[in-house]
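Report on one structure; see the data block that follows.
The values are calculated or read from the model by the stated rules, or taken from the named source; none is laboratory data. These figures come from a predicted structure and were not determined experimentally. Cβ coordinates were reconstructed from backbone atoms using ideal geometry, including for glycine residues, and neighbour counts include every protein chain displayed.
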Amino acid sequence: MNLDSIHSVYFIGIGGIGMSALARWFKHNGKAVSGYDRTETSLTNSLISEGISIHFQDDLSLISSEIKASTDGVLIVYTPAIPKDHTGLNWFRGNDYSLLKRSEVLGLITQNMRNVAVAGTHGKTTTSSMIVHLLKTAGIDCTGFLGGISANYNTNMVLNDGENSIAVIEADEFDRSFLTLHPDIAVVTATDADHLDIYGDKESLKDSFKQFVKQINKGGHLFVKDNLKSDLIDENSVEHTGYGYADGYVKSTNLRIEDATFVFDYNGDQTIEGVRLNVPGYHNVENMLVAMAVCSELGADVESLKEGVSSYKGVKRRFEFIHRSEEVVYIDDYAHHPVEIEVFLKSVRDLFPKKKVTAVFQPHLFTRTRDFASGFSESLSLADEVILLDIYPARELPISGVSSEILLKNINTQKKTISTKEHLISQIHEWKPEVLLTIGAGDIDKLIEPIKNSLS
């Protein structure tokens, strides 16, 4: 499909973080954009305020007459999370419209742009947002398709200034979506087992990452977590650079914490001393190391890199400080995999070694809870107190015997319980936390403001 021939784009699931970024890109490029989503959110409200028409009922009469008048010049974009019995989706299919998945549209948009694709089961949203910010700080034009809201730009779609923009893409492994991409520079941050409802087992997931690496354009470059090199690449198949927190060609030295700021020396193609990262977490040091390496290859100089790191504000719901007072610190994080939770809690422990840590966790998906139950219990045991909410089902139906109870019984903390959303705030105040954490990828974000207000 030729992008120039499209005049109207309709999104089914427009409120998704990746879908909304595409909607903003098409709007910016002069197309008529509209769409459907099941739920009204702050993100859909932002899109409406930007001039995008959205309806919240699966009703054909609510689709604009311009979209229904003719298939010519109309593109329908949908997400795999949409139910198979969705009326609108099936009507478009039955009437020979051009339908593409979100990932296919990303591939189409970026096929003629120099592009950087960031893949991995953890860290891809943060790393891609870091790359965008470092490039912008260095005065290098880029377009960012992000899987989260950048705190620096307050959007998930960082728009280009000119025609020769570099595309920075969050490459999602869910549903093998990233295999529609052919990057010039690729990053692989992690390949821990996840999405086993799609892949079946870890080896199948790893095979997809191997295929992703093979799709790097000729003359391209792979930046890969150092301990994954032997798993993902044949030694001579692609130019590659290993990186890691303390291992790899790109690594950190002299790492220390000064007033909740991570300070380190960058070691890679050059040495940059005294880099100051104001977004906490050892995992964020690692993410920033590879972001700096990518941007150095793209032409960013030493001073702009240091400035970009120190001015980077993070991504909404990634180690985000919500409230700070003498009595309590409240941090929110999107972590929804045992490895992510472990890294998050260890970083919190190092920042606040003498304070009691209370973690509120909402499990995401029945299959993920079932497949990683022991890992969740082990990682959550790093907190002093744990409150579990019920599982957020997202696209899934319940699975018999799978509930938050199977996590609770193996969590090794003195205080642990399961709470409803309605009673959560009273439970929090009863336990008097010193460092409060909300963790999860479901709708736990709707509780952030009420919790914040109650602490204030």
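What to note about this one:
- Test result for Gly308, of a type in the set (Gly, Ala, Ser) and on the phi > 0 side of the Ramachandran plot: no
- Residue check, Ser103 small (Gly, Ala, Ser) and modelled with pLDDT of 95 or more: no
- Qualifying residue in the stretch 73-80 (condition: in a loop (DSSP other than H, G, I, E, B), over 28 Å from the mean Cα position of the chain (by Cα), among the polar types (S, T, N, Q) and closer than 28 Å to Glu173 by Cα): no
- Flag if Ile109 is more than 19 Å from Leu146 (Cβ to Cβ), among the β-branched types (Val, Ile, Thr) and under 26 Å from the mean Cα position of the chain (by Cα): no
- Some residue of the stretch 245-253 being basic (Lys, Arg) and in a strand (DSSP E or B): yes
- Among the residues of the stretch 348-372, those that are surrounded by 16 or more Cβ atoms within 10 Å (Cβ to Cβ) and without any contact (Cβ under 8 Å) to a residue 60 or more places away in the chain comprise Phe366, Thr369, Arg370.
- Among residues that are in contact with a Lys or Arg (Cβ under 9 Å, 6 or more places away or on another chain) and within 25 Å of Thr191 (Cβ to Cβ), Glu286 is included.
- Counting only helices (runs of 4 or more DSSP H) that fall entirely inside the stretch 98-206 and contain at least 3 residues that are farther than 25 Å from Tyr10 by Cα, the qualifying elements are 124-137, 196-199.
- Selection over the stretch 109-133 of residues that are closer than 14 Å to Ile166 by Cβ, out of contact with any Gly (no Cβ under 8 Å at 6 or more places or on another chain) and hydroxyl-bearing (Ser, Thr, Tyr) gives a count of 1.
The rows are residues; the columns are (1) modelled with pLDDT under 90; (2) out of contact with any Leu (no Cβ under 7 Å at 6 or more places or on another chain); (3) surrounded by fewer than 24 Cβ atoms within 10 Å (Cβ to Cβ).
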residue: Gly107; (1), (2), (3): yes, no, yes
residue: Met113; (1), (2), (3): yes, yes, yes
residue: Val116; (1), (2), (3): no, yes, no
residue: Ala119; (1), (2), (3): no, yes, no
residue: Lys124; (1), (2), (3): no, yes, no
residue: Ile131; (1), (2), (3): no, yes, no
residue: Leu134; (1), (2), (3): no, no, no
residue: Gly139; (1), (2), (3): no, yes, yes
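- The set of residues in the stretch 308-327 that are modelled with pLDDT of 95 or more and crowded, with 19+ Cβ neighbours inside 10 Å comprises Gly308, Val309, Tyr312.
- Yes/no for Ile322 being under 30 Å from Lys446 (Cβ atoms), touching a Lys or Arg at 6+ places or on another chain (Cβ under 6 Å), touching a residue at least 24 places away in the same chain (Cβ under 8 Å) and not in a loop (DSSP other than H, G, I, E, B): yes
- Residue within the stretch 294-307 that is surrounded by fewer than 23 Cβ atoms within 10 Å (Cβ to Cβ), in a strand (DSSP E or B), among the small types (Gly, Ala, Ser) and out of contact with any Gly (no Cβ under 8 Å at 6 or more places or on another chain) present: no
- Pairs where the first residue, in the stretch 252-275, is under 15 Å from Ser311 (Cα atoms) and the second is in a strand (DSSP E or B) and aromatic (Phe, Trp, Tyr), C-beta under 7 Å, 6+ apart: Val275/Phe264; Val275/Tyr266
- Selection within the stretch 380-437 - assigned to a loop (DSSP other than H, G, I, E, B), closer than 24 Å to Lys356 by Cα and either assigned by TED's automatic domain parsing to the domain that holds Ala81 or among the hydroxyl-bearing types (Ser, Thr, Tyr) (or both): Ser381, Ser404, Thr413, Ser419, Thr420
- For the stretch 218-248, the candidate set comprises residues that are among the hydroxyl-bearing types (Ser, Thr, Tyr) and within 21 Å of His122 (Cβ to Cβ); within that set, the residue that is surrounded by the most Cβ atoms within 10 Å (Cβ to Cβ) is Tyr243.
- Hits in the stretch 271-307 (condition: in contact with a helix residue (DSSP H, G or I) (Cβ under 7 Å, 6 or more places away or on another chain) and either at pLDDT below 95 or not assigned by TED's automatic domain parsing to the domain that holds Ile185 (or both)): Asn278, Pro280, Gly281, Tyr282, His283, Asn284
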